[in-house]
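The values are calculated or read from the model by the stated rules, or taken from the named source; none is laboratory data. This is a predicted model, so every value here is computed, not measured. Quick reminder, even Gly has a Cβ in these numbers, built from the backbone with ideal geometry, and neighbours come from all protein chains shown. Accessible surface areas use protein heavy atoms only, side chains included; no ligands, DNA or RNA. Shrake-Rupley method; radii C 1.70, N 1.55, O 1.52, S 1.80 Å.
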Amino acid sequence: MDHDSLQNTMEHPVPGEEHEEDNSMKVDVAFDGVHSPFRYRHKKRSKVWEEYKPIFLNGKVQFAECLYCHNRLSCKDSNGTSHLWRHQKICPGKEEAAQRRQKDSYFPCVLVNENDPVSPHDPVNDVITETLSDINSVTPSGNRFTSKVWKEFTPVYIEGKLQAADCIHCQKRLSANKFGGRSHLSRHLITCAGRRGRGGGQIHQKGLFYPSSVPSLKSRVQDELSPALTNGKVQIAEYSSKLLRASSSGDSTPKPIRVVPAEHSVPTPDYTSLMKQRTSFVTTPAGQETSDPDLVGMIALHGYPLSIVEHEEMMRFVKKLNPVVNLVSRNAMEEHCLTLFQKEKENIKGKIAHFSRRVSLSASIWTPDGPETTVNYLCLTAHYIDEDWKVHRIIIKFGMFWSAPADLERMIHCMEACVPESESGSYNVILDAIRDWNLDQKLLSLTSVGEVRGDTNTSLLKEMLIEKKCLPIGGTLFNVACVDYVLNSIVFKVQADILRLVGDIVMDFLVSLTQQQLLEVISQTGLKCPQEDAKWWHKLYFRLEVLLHFKKSFPSEERVSPEDTKTAESVCKILRTIYRVIEVISSPSSPTANIYFNEIWKVRTVLQEEALNDHREIATVAMVMQEAFNEYWQNSYLWLAIPVVLDPRFKFSFIEFRLKRAFGTDSASYLSVIRETVRELFNEYCHSLNQASDVVSNSEALCADDNDSLEDWDQHLHEQASRQLSSELDDYLEDGLVPRKDDFDILNWWMTHSTKYPTLATIARDILAMPASAVQSEAAFSSSGPVIPKHQSTLNIRTIEALVCTRDWMR
């Protein structure tokens, strides 16, 4: 509803109508059901408006709302009213209203006199407001009601402002805003038929009201604020001053009767509680409390700025959808984000504590989206398998890793510049997460990118955790390198050589193609086109694939020479292998750790083959990459091999087969280290399980009788169980291999065999959750890595963490 037009209508009455209409309000909020048509000046009124409520926008009628079904129809000057008549013929709500009126007609009437029956269901001067905000705090100002005229009028408020006055004698409604004065109210009392019929204003006991029944200001305000929800709209309940007396019985004692629908009871709350109820009712519209978390989720999930709630377009859009809802401020939305983050965080902490025995971590570096990188963030992700053998990957910490020295402008605009050194860096961020999430005795591994892995603070953290005996097998699995980071580094070493070999070949080929040919070949490759910010070798690999597919699709066209084609095939073979390995290990589906060894071995195999290439320059490139790969292998073969031992299709046999063929007699040292480490890991798990069972046994022994004659038997069973645990690993390794199938599910296999191999099943549940990549494939192929929106980098680091974590948890 356009309240400005409403106010203008009341503040400027039409000349000449003052005595005829008593300044009756010409607003679109005053209706007596279908029997009180609105008055629209300078236009002949059609009877159809008895069935509709006009909706004003910018001072003009733009819509008509059916009083039965509440549908809104367009009603501009050029439209006419024929469509309104047609709607009334098919309106489903009109028939229901007719049935209700027929049903209500069976109720007895309360008679004021013999000629004036009033139905108990008929409300007296209902006011239907457009929005809940129209009903606001109505406490009158201190000196507004000092005039004696208010003893015979009831004030009417809209949006907390005095807008009208109802005569208590004839129930007419007159304008009463602050600009109109009160003289017209006095003039109305002189000509009021209801007042004159009762003795010129002398109210006596035999009249309509009690001698003291003219309601005080307090009672008028209280009654005026008694809303009743009817058909989803707020209606002002009948004024307590509209009291009817039953004269049909002949009783001369007047009895105040309040006319309300029979199905509703009349509440009689005290004034204080009523005002509290009304304030709460207005300031917290129905549904807004439940919609705020959804708005927070939308902002976090799509990276919208928090200030979107203060954008004029956003507020206008929400108001059109629901005028009741008031968007919160940016600061309030930030508080909502932090509240939702803490709530979800407590839920996830409980799940990790309940489901997982050990947790693997991965650390990646994030940057703000944009060309300038003056700050880096450390994102810590937890990986674990729950009791249902489902893999989980969730962000648990987002903190400051590094920030460039800030100038004055940055100190003003970027809150993260104020983060103290004690809360930044790999040591502080990771240690804070370990303490906050109670992971000190639940850590298994840490997989990190080069910046974190090479940081001296990370090494100090590892030493501290080993000293406190928080890491299994001496921290062997802590701070291992990300596979995608290593492979990207290997390709970067030969960037200049690769571009010199195939750069010109690719460019000349692409220039020679038409757009139609190019699109046709791309559709045949079945490959996903790289993003604009993709790494250079990813774009080059994609173009090489297009070139080779063109040769297959159009063999008759010689766009590239045979020698250049052979060179392109060799380079594409290397890049294709690296691309597919990164795609597998950084998949969003979180693959299990048993597949990493074989994927990494594919890179070693292709580099070994191309190192023997007849093309000398290609062979040189492959040998440089092979040297870098071997350095990575020496540092990572152990953690890559342990999950393979826990794969019932391969166990030690597969590792022994691969290493002997690759290293010959030198493989013995590798195999010996792998066997010893697996045995050490198994013994540590057995020891921890025995400690847990000993605690239970000791607690039971305290409750047992000191003269237990079977105590030696219990000790014998305990020793026997310990020997069975020590032989569990040997039994597993000696059992036959499971046939290799494409649909083999290793998690399901261990879940079904957890009773046969309880200790190994516990180890498998922890080891198989280890990640090989700290980021997902989209960020792994991006030149900028994972990023946050630029506008979020100006927020407080706690707010950034809440937004990043909430977004991850919602996915």
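Tell me which helices (runs of 4 or more DSSP H) are completely within segment 570-689 and hold 2 or more residues being within 30 Å of S754 (Cβ to Cβ) and of a type in the set (K, R), or say none if there are none.
Because the criterion is at least 2 residues that are within 30 Å of S754 (Cβ to Cβ) and of a type in the set (K, R), the helices (runs of 4 or more DSSP H) in segment 570-689 that meet it are 651-663.
For the condition assigned to a helix (DSSP H, G or I), more than 25 Å from P293 (Cα to Cα) and either acidic (D, E) or free of Cβ contacts under 8 Å to residues at least 60 places away in the same chain (or both), what is the one hit in H336, H354?
Exactly one residue qualifies, and that residue is H354.
Checking I348 against (1) out of contact with any Asp or Glu (no Cβ under 7 Å at 6 or more places or on another chain); (2) open to solvent by 50 Å² or more (accessible area, probe 1.4 Å); (3) not in a strand (DSSP E or B), which test does it fail?
Every condition holds for I348 apart from (2).
Here is a yes/no grid of residues against (1) within 22 Å of L747 (Cα to Cα); (2) modelled with pLDDT of 95 or more; (3) of a type in the set (A, V, I, L, M):
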residue: V624; (1), (2), (3): no, yes, yes
residue: N630; (1), (2), (3): no, no, no
residue: N635; (1), (2), (3): no, no, no
residue: A641; (1), (2), (3): yes, yes, yes
residue: V644; (1), (2), (3): yes, yes, yes
residue: D647; (1), (2), (3): yes, yes, no
residue: F663; (1), (2), (3): no, no, no
residue: D666; (1), (2), (3): no, no, no
residue: S669; (1), (2), (3): no, no, no
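Within segment 576-613, track down each residue that is closer than 19 Å to T447 by Cα and among the small types (G, A, S).
Across segment 576-613, the qualifying residues are S586, S587, S589, S590, A593.
Write out, first by first residue and then by second, each pair whose Cβ atoms fall under 8 Å of each other, whose residues are 6+ apart or on separate chains, and whose first residue, in segment 623-637, is touching a residue at least 40 places away in the same chain (Cβ under 8 Å) while the second is of a type in the set (G, A, S).
A628/S489; Y632/A481; N635/A481; S636/A481
Mind listing just one residue for me: the one in segment 769-793 that is open to solvent by less than 60 Å² (accessible area, probe 1.4 Å) and among the hydroxyl-bearing types (S, T, Y) and, of those, modelled with the lowest pLDDT?
First pass over segment 769-793, keeping only residues open to solvent by less than 60 Å² (accessible area, probe 1.4 Å): 769-775, 777, 779-782, 784-789, 792-793.
Now restrict to residues that are among the hydroxyl-bearing types (S, T, Y): 773, 777, 782, 784, 793.
Numbers: S773: 95, S777: 90, S782: 92, S784: 87, S793: 82.
For segment 769-793, the residue satisfying everything is S793.
Regarding D388, is this residue of a type outside the set (F, W, Y), within 21 Å of M810 (Cα to Cα) and open to solvent by 10 Å² or more (accessible area, probe 1.4 Å)?
yes
Just the residues that are of a type in the set (V, I, T) and over 17 Å from L803 (Cβ atoms), please, taken from segment 296-329. I'd like the intermediate steps shown before the answer.
Of the residues in segment 296-329, the ones of a type in the set (V, I, T) are 296, 299, 308-309, 318, 324-325, 328.
Within segment 296-329, V318, V324, V325 qualify.
Residues checked against (1) under 20 Å from D484 (Cα atoms); (2) among the charged types (D, E, K, R); (3) assigned by the TED database to the domain that holds E563:
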| site | (1), (2), (3) |
| --- | --- |
| T592 | yes, no, yes |
| Y596 | yes, no, yes |
| V603 | yes, no, yes |
| L607 | yes, no, yes |
| L612 | no, no, yes |
| R616 | no, yes, yes |
| A619 | no, no, yes |
| Q626 | yes, no, yes |
| L638 | yes, no, no |
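Considering only segment 440-496, give the helices (runs of 4 or more DSSP H) lying wholly within it that have at least 2 residues that are farther than 18 Å from I365 by Cα. Full working, then the answer.
On the way: elements: 450-453, 456-467, 483-493.
Counting at least 2 such residues, we get 456-467, 483-493.
Out of D436, D440, D455, D432, which single residue is open to solvent by 10 Å² or more (accessible area, probe 1.4 Å) and in contact with an Asp or Glu (Cβ under 8 Å, 6 or more places away or on another chain)?
None of the other options fit; the residue is D432.
Every residue in segment 732-744 that is modelled with pLDDT under 90 and either of a type in the set (D, E) or under 15 Å from N683 (Cβ atoms) (or both), please.
Within segment 732-744, D742, D743 meet the criteria.
Could you list, in sequence order, all residues of segment 552-569 that are in contact (Cβ under 8 Å) with a residue 12 or more places away in the chain and part of a helix (DSSP H, G or I)?
The answer is S553, D564, T565, K566, T567, A568, E569.
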